[in-house]
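Since the structure comes first, as structure tokens, the remarks are kept for the end.
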Amino acid sequence: MEQLKVKLFNYEFDNPIIPASGTFGYGYEFSVYYDINILGSLVTKATTLNPVSGNSTPRIAEAKMGMLNSIGLENPGIDNVINHQLKELAKIYKKKAIINIAGFSLDEYIDCVRKLNTVETINIIEINLSCPNVAHGGLAFGTDPIVVEEITRAIKQVSNKQIIIKLSPNVTDIVEIAKAVELGGADGISLINTVLAMRIDLKTGKPLLANITGGLSGPAILPLALRMVYQVYQNVKIPIIGVGGISNTKDVLEMMMAGASLVQIGSANLINPYICKEIIEELPKTMEKYNITQISEIIGRAYNG
């Protein structure tokens, strides 16, 4: 489907649909449902330098029009991911993938990025500076523009991959943070991550999550994500990957009109494992309904007019 193709970072994506980190495992798990090679790309779940067991349970809670998670970056560590998970993915997925990495210090980010320099199946690294449900790191890094710029620059100096910085919505001024990412030399920006939130158990009077707070995702955050993508698009020149509450073809078009070049589908994968496939198949019909001949032509339309 030629009308769905998007060019970005000197790569041509068959379509703009990408499963988001933390909602698609390492990719190969979803191959039992459909041929994942139809995806524009995919993002692996967040990986840290060393194995992380994650937060205590309960760490999932329902919410109106969404869900809260407090997984806490549970993963087997970068060496296991490179030597096992990515190799399993490569047996099935014939395109280049995106890996999401997180850290609790700058050195950890640097070490992960260096280890990935020789991994040929990865062409983009998404740097998670925005995790709202770990005790330290992540969110703390992503809320300070000076720190964001320093981390971005340091990572770019040691990486031979394209670097995307994933930003948190839990900040006062998203544009200020995005500008810092651009000044640091990032190739692109991914936004938004989940919104810091909580639920309370009426029977006990205590928070539902063991971590008290977690990240809200799902349709409830789509308007917030659209607003931030729109604002950032107007103020930076590097491309944006839009994330947050997308669950159908209209959401995809809206996000791209706000300024996103690609979109990531997150918690919708947990409700319907076929959602990305269905959106890819339905996009041409929705585009035709709105007189869109080439999807790349609508990027930033809300701002460009």
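The values are calculated or read from the model by the stated rules, or taken from the named source; none is laboratory data. The shown structure was predicted, so the numbers you read here are calculated from the model rather than taken from an experiment. With ideal geometry, Cβ positions are generated from the backbone for all residues, glycine too; neighbour counts draw on all protein chains shown.
For Lys237, the criteria (1) buried (at least 16 other Cβ atoms within 10 Å of the Cβ); (2) closer than 17 Å to Ile165 by Cβ hold in every case but one, which is (1). Taking (1) of a type in the set (Lys, Arg); (2) closer than 22 Å to Ile17 by Cα; (3) free of Cβ contacts under 8 Å to residues at least 40 places away in the same chain in turn, Lys87 satisfies each apart from (2).
If you go through the stretch 114-147 and keep only what is hydrophobic (A, V, I, L, M, F, W, C), over 17 Å from the mean Cα position of the chain (by Cα) and modelled with pLDDT of 90 or more, you end up with Leu116, Val119, Ile146. Counting only strands (runs of 3 or more DSSP E) that fall entirely inside the stretch 48-129 and contain at least 1 residues that are touching a helix residue (DSSP H, G or I) at 6+ places or on another chain (Cβ under 8 Å) and surrounded by 19 or more Cβ atoms within 10 Å (Cβ to Cβ), the qualifying elements are 66-69, 97-101, 122-128.
Can you tell me which residue within the stretch 276-305, out of those that are in contact (Cβ under 8 Å) with a residue 24 or more places away in the chain and not in a helix (DSSP H, G or I), is farthest from Leu216 (Cα to Cα)? Top of the filtered list is Thr293. Among residues of the stretch 32-53 that are over 12 Å from Ala97 (Cα atoms) and of a type outside the set (S, T, N, Q), those with a Cβ under 6 angstrom from a residue that is modelled with pLDDT of 95 or more and not in a loop (DSSP other than H, G, I, E, B), sequence gap 6+ or separate chain, pair up as Tyr34/Lys277; Ile38/Ile280; Ala46/Asn100; Leu49/Ile78; Leu49/Asp111; Leu49/Cys112; Val52/Asn75.
Here's a check for you: in the stretch 186-200, which residue that is in contact with a Ser or Thr (Cβ under 6 Å, 6 or more places away or on another chain) and outside any strand (DSSP E or B) is farthest from Ile240 (Cα to Cα)? So the residue we want is Met198.
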